[in-house]
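Note sheet for the following structure.
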Amino acid sequence: MQQAKQQALENVEHVAEGVAADTLSEGKLFEVAQSIGDKRLEDLNVADTTCGYCAVGCRFDLYSDGEEILAARPTEEEDAPVNGISTCVKGKFGYDFINSDDRLTTPLVRDENGEFREASWDEALTRVAEGLGDIRDQHGGEALSLIASSKATNEENYLMGKFARQVLGTNSVDNCNRLCHSSTVAGLAKTYGYGAASISTEDLEIADCILLTGSNTTEAHPVLATRIKQNVRDGADLLVFDPREIQIAEYADQYSQVAPGYDAVWINGITRYIVNNDLHDEAFVEERTTGFEDVKESVQEFTPERVEEVTGVPHEEIVSAAETIAEADSCVFGWTLGLTEHSHGTENVMAMANLAAVTGNLGKPGTGVSPFRGQNNVQGGGGDMGPLPDNFPGYQDIADDEIRAKFEEAWDCDISGEYGYYTTQMFLAADDDDIKGMYIIGENAALSEPGVNHAEDVLEELDFLVVQDLFLNETAQYADVVLPASSFVEKTGTFTNTDRTVQMVKQVMEPKGDSRPDWEILQDLANRMGRAWDYDDTAEIMREVNSLTPLYGGISHERVEANGGLQWPCPDEDHPGTERLYAEEFNTENGKANLQAVGYSEPAETPDDDYPYTLTTGRVLYQYHTGTMTHREEGIMKYTPSDFVEIHPETAESLGVESGDLVTLESRRGEIVVPAQVTDRVGPDNVFVPIHFAESAVNRLTDEEHLDPAAATPEFKVSAVSLRAAGPEAEPTVTTAETTMGDD
């Protein structure tokens with residue numbers, strides 16, 4: 001009956017539209033249409049919010065009818081400091097995951113037969129409290145670990161760190177930052193004091209020169225790429241160093257193809273040319289740095305001959321890049337995981353920090369360092385909020401007695417001064433039976449960890465595992481209890497983007513089914529485990545952050561809303577936020593940039609007769625990480641529906657392979673079978689596979705043991721592999737679980 005009434009109303013509307021078209025002027029028709037449109041908009045929920053994909057921090061209005069997201073439209077340009085009216089395809093269209101048929105909407109517990117069944121929140125949380133509590137009571141809190149979520153809000157990540165230390169009694173809390181930019185944080189913190197971008201996004205538009213390395217900017221950060229390309233169009237110089245001839249290289253004044261794993265070599269080669277030819281900024285070096293003579297001495301081994309032999313970059317390209325940087329009035333140095341995901345990623349970052357400092361490109365408009373962050377809130381939730389084994393919120397060292405005492409008093413608990421395990425170390429510790437239980441929130445370790453065969457074995461053997469997520473992902477398949485969380489469109493809080501801007505995230509629809517925001521789940525669980533949390537909302541949580549975290553001392557929901565965003569450091573309510581770091585001094589004890597001599601390092605694993613090719617991994621435009629959201633968007637999936645391996649034409653010919661043929665990639669840790677994509681974007685000795693597909697799980701090939709000694713970052717970007725044609729009987733590698741969220 002209802003359907004018949006609806007059809008009748010639609011027929012009347014069509015007749016009325018025809019009559020109106022025949023009798024009213026075009027102007028009057030427009031007025032009527034506008035009135036009808038305005039009336040229909042009144043029936044929708046509209047919220048200006050921050051994108052939940054990458055960390056560019058695009059803002060826009062989301063429209064919802066309460067059941068689904070209907071549209072993403074530009075907000076007022078002054079309220080969108082990073083993107084203006086721009087968005088990428090994912091932020092514009094990628095919302096089908098919210099109503100996906102496999103969305104978790106009720107808790108799941110594993111029954112006596114080892115199968116999942118639905119449970120009430122009361123039963124599920126009781127089970128979690130008992131499971132985690134028993135391990136804590138029998139083996140101590142250090143036998144537990146928590147993996148936090150860079151997709152969750154700042155406020156929720158603050159509570160994740162607090163929960164680990166106050167409720168579980170462990171410092172083994174970490175997040176996906178360990179798998180991507182933790183070497184950036186370590187390298188920049190040691191050199192400059194802050195492990196973050198020193199620039200504002202605007203600097204990418206006004207710099208005279210931009211050096212990009214290890215960043216597939218047009219595909220991983222499209223909105224930033226647009227700003228860079230606009231600046232290049234207006235006359236800026238663009239230098240790109242990368243193992244693949246990525247799309248942004250098409251806009252470069254100079255593209256240099258480099259061998260994967262040797263970035264410090266060519267960076268030091270540029271620095272050597274600059275200092276040996278007196279092209280450095282003598283005044284800046286003298287007044288604002290230490291360690292220059294050590295750096296000058298250390299780079300002497302990186303002669304033109306050695307740089308070309310090791311990296312493949314000809315001397316004339318090193319000279320051209322060095323002179324371009326030195327002659328520019330301002331230069332920004334940008335990178336992503338191609339520089340950091342190495343067993344010596346921290347050294348790579350320190351070499352880049354040295355180059356920026358010796359050329360005086362810090363603290364002024366159009367200058368600085370910019371590590372483009374991946375997950376939407378990895379800057380804030382992954383670092384600033386302190387879900388880390390060695391830091392409280394605001395990068396306050398847990399080994400500092402005075403700082404630790406402040407948090408012990410505020411949180412009413414004892415906290416060990418010994419660092420906990422990093423994420424990558426948690427799995428090795430679990431292998432040794434030192435970690436017996438894990439609580440994993442919004443992170444799919446079964447796919448994102450290096451050497452996933454090993455990660456799967458660890459997850460299988462844990463005494464107790466809790467997974468909190470939107471979907472029953474690969475990691476959740478091993479869980480004892482699965483808790484359904486809410487997406488970013490179903491809650492309110494803040495994200496911090498790649499240039500340190502804190503922005504509002506606003507709820508536009510109710511949580512699906514019985515799913516809950518992460519902070520509400522944590523609060524309920526903490527209370528069941530003996531605490532008395534009573535936060536009313538995330539604004540109250542942020543006020544607690546203010547009281548304990550100098551970097552965020554003046555950042556409240558009210559001020560963020562009023563200002564359209566605030567950049568840290570923002571120490572008090574009268575502070576306007578910090579547009580650009582290091583204008584006057586560095587965040588070090590002596591106020592100077594403490595340059596670090598960086599010598600020669602090579603990848604932990606290099607090609608040999610058995611594994612003659614170098615595999616590197618990365619992203620593509622129409623997917624996001626391992627696909628939790630984008631794989632559930634039908635339109636997006638039409639563009640890049642499956643995995644592939646890029647192979648140079650010479651390599652393909654030697655293997656007897658053409659585009660579309662299946663190829664077997666094998667490392668010392670596993671093998672996968674994927675279609676070939678023959679292209680000269682990669683060199684003859686290198687191959688590339690995207691990270692986005694659980695079906696092929698490229699991390700079966702990567703190494704979980706050789707980690708950066710300072711940051712414990714795995715070497716995702718270099719793995720020795722063999723290649724062979726898979727043959728007519730072969731089928732692409734397929735995993736058994738659904739495709740889900742992965743690393744930064």
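Can you spot a residue in the stretch 65-79 that is in the same structural domain as Asn527 (by TED's automatic domain parsing), in a loop (DSSP other than H, G, I, E, B) and under 30 Å from the mean Cα position of the chain (by Cα)?
no
Look through Tyr192, Tyr158 and report the one residue that is out of contact with any strand residue (DSSP E or B) (no Cβ under 9 Å at 6 or more places or on another chain) and either closer than 21 Å to Phe427 by Cβ or not assigned by TED's automatic domain parsing to the domain that holds Asp708 (or both).
The unique qualifying residue is Tyr158.
From the list Tyr395, Tyr422, pick out the single residue that is out of contact with any strand residue (DSSP E or B) (no Cβ under 9 Å at 6 or more places or on another chain) and under 25 Å from His342 (Cα atoms).
None of the other options fit; the residue is Tyr395.
Okay, residues lined up against (1) surrounded by fewer than 21 Cβ atoms within 10 Å (Cβ to Cβ); (2) out of contact with any Ser or Thr (no Cβ under 9 Å at 6 or more places or on another chain); (3) at pLDDT 95 or above:
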| site | (1), (2), (3) |
| --- | --- |
| Pro107 | no, no, yes |
| Asp122 | yes, yes, yes |
| Leu132 | no, yes, yes |
| Asp137 | yes, yes, yes |
| Arg165 | no, no, yes |
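Here are some residues: Lys406, Lys364. Which one is closer than 30 Å to Asp208 by Cα and either surrounded by fewer than 24 Cβ atoms within 10 Å (Cβ to Cβ) or in contact with a Cys (Cβ under 7 Å, 6 or more places away or on another chain) (or both)?
Only one candidate qualifies: Lys364.
How do the strands (runs of 3 or more DSSP E) wholly within the stretch 97-190 filter down when requiring 3 or more residues that are over 30 Å from Ala710 (Cβ atoms): which remain?
The strands (runs of 3 or more DSSP E) meeting that bar are 108-110, 116-118.
Identify all residues within the stretch 372-385 that are at pLDDT 95 or above and not in a helix (DSSP H, G or I); write none if there are none.
Within the stretch 372-385, Met385 is the sole residue that qualifies.
Given the options Glu308, Glu316, Glu301, name the one that is in contact (Cβ under 8 Å) with a residue 40 or more places away in the chain, among the acidic types (Asp, Glu) and in the same structural domain as Arg233 (by TED's automatic domain parsing).
Being in contact (Cβ under 8 Å) with a residue 40 or more places away in the chain, among the acidic types (Asp, Glu) and in the same structural domain as Arg233 (by TED's automatic domain parsing) holds for just one of Glu308, Glu316, Glu301, which is Glu301.
So which residues in the stretch 115-139 are over 32 Å from the mean Cα position of the chain (by Cα) and farther than 14 Å from Leu483 by Cβ?
Glu115, Arg117, Glu130, Asp134, Asp137, Gln138, His139
Quick one: count up the residues across the stretch 562-586 that are within 28 Å of the chain's Cα centre (by Cα), surrounded by fewer than 16 Cβ atoms within 10 Å (Cβ to Cβ) and touching a residue at least 24 places away in the same chain (Cβ under 8 Å).
Summing the residues that are within 28 Å of the chain's Cα centre (by Cα), surrounded by fewer than 16 Cβ atoms within 10 Å (Cβ to Cβ) and touching a residue at least 24 places away in the same chain (Cβ under 8 Å) in the stretch 562-586 gives 2.
From the list Ile441, Ile403, which residue is among the aliphatic types (A, V, I, L, M) and without any contact (Cβ under 8 Å) to a residue 12 or more places away in the chain?
Ile403
I'd like the full set of residues that are farther than 16 Å from Pro371 by Cβ and of a type outside the set (D, E, K, R), limited to the stretch 224-239.
Thr226, Gln230, Asn231, Val232, Gly235, Ala236, Leu238, Leu239
I'd like the full set of residues that are part of a helix (DSSP H, G or I) and of a type in the set (A, V, I, L, M), limited to the stretch 645-671.
Answer for the stretch 645-671, where residues must be part of a helix (DSSP H, G or I) and of a type in the set (A, V, I, L, M): Ala652, Leu655.
Within the bounds of the stretch 358-365, is there any residue that is more than 25 Å from the chain's Cα centre (by Cα) and either assigned to a helix (DSSP H, G or I) or within 30 Å of Gly420 (Cα to Cα) (or both)?
yes
Which one of Tyr582, Tyr600 is in a loop (DSSP other than H, G, I, E, B), modelled with pLDDT of 95 or more and on the phi > 0 side of the Ramachandran plot?
Tyr582
Do we find that Thr423 is within 20 Å of the chain's Cα centre (by Cα), at pLDDT below 95 and surrounded by 21 or more Cβ atoms within 10 Å (Cβ to Cβ) in this structure?
For Thr423, the condition - within 20 Å of the chain's Cα centre (by Cα), at pLDDT below 95 and surrounded by 21 or more Cβ atoms within 10 Å (Cβ to Cβ) - is met.
For the stretch 229-278, how many residues are among the β-branched types (Val, Ile, Thr) and part of a strand (DSSP E or B)?
Looking only at that region, the number is 1.
Looking at this structure, is Leu204 aliphatic (A, V, I, L, M), farther than 28 Å from Lys406 by Cα and touching a residue at least 12 places away in the same chain (Cβ under 8 Å)?
In short, yes.
Out of (1) farther than 22 Å from Gly442 by Cα; (2) over 27 Å from the mean Cα position of the chain (by Cα); (3) among the hydroxyl-bearing types (Ser, Thr, Tyr), the odd one out for Ser86 is which?
Going through (1) farther than 22 Å from Gly442 by Cα; (2) over 27 Å from the mean Cα position of the chain (by Cα); (3) among the hydroxyl-bearing types (Ser, Thr, Tyr) one by one, Ser86 breaks only (2).
Scan the stretch 198-228 for residues that are of a type outside the set (Val, Ile, Thr), assigned to a helix (DSSP H, G or I) and touching a Ser or Thr at 6+ places or on another chain (Cβ under 8 Å) and jot them down.
Asp203, Leu204, Ala220, Leu224, Ala225, Arg227
Report yes if Ala399 is outside any loop (DSSP other than H, G, I, E, B) and either more than 19 Å from Ile555 (Cβ to Cβ) or modelled with pLDDT under 95 (or both), otherwise no.
When the stated conditions are applied, Ala399 does not pass them.
Given the stretch 456-548, what strands (runs of 3 or more DSSP E) lie entirely inside it while holding 2 or more residues that are among the hydrophobic types (A, V, I, L, M, F, W, C), farther than 26 Å from Met426 by Cα and touching a Gly at 6+ places or on another chain (Cβ under 9 Å)?
The qualifying strands (runs of 3 or more DSSP E) are 501-505.
So which residues in the stretch 206-223 are surrounded by fewer than 24 Cβ atoms within 10 Å (Cβ to Cβ) and modelled with pLDDT of 95 or more, if there are any at all?
Ile206, Asp208, Thr213
The values are calculated or read from the model by the stated rules, or taken from the named source; none is laboratory data. Computed from a prediction, not measured in an experiment: that's the story for all the values here. Cβ sites come from the backbone with ideal geometry, for glycine too, and all protein chains shown count toward neighbours.
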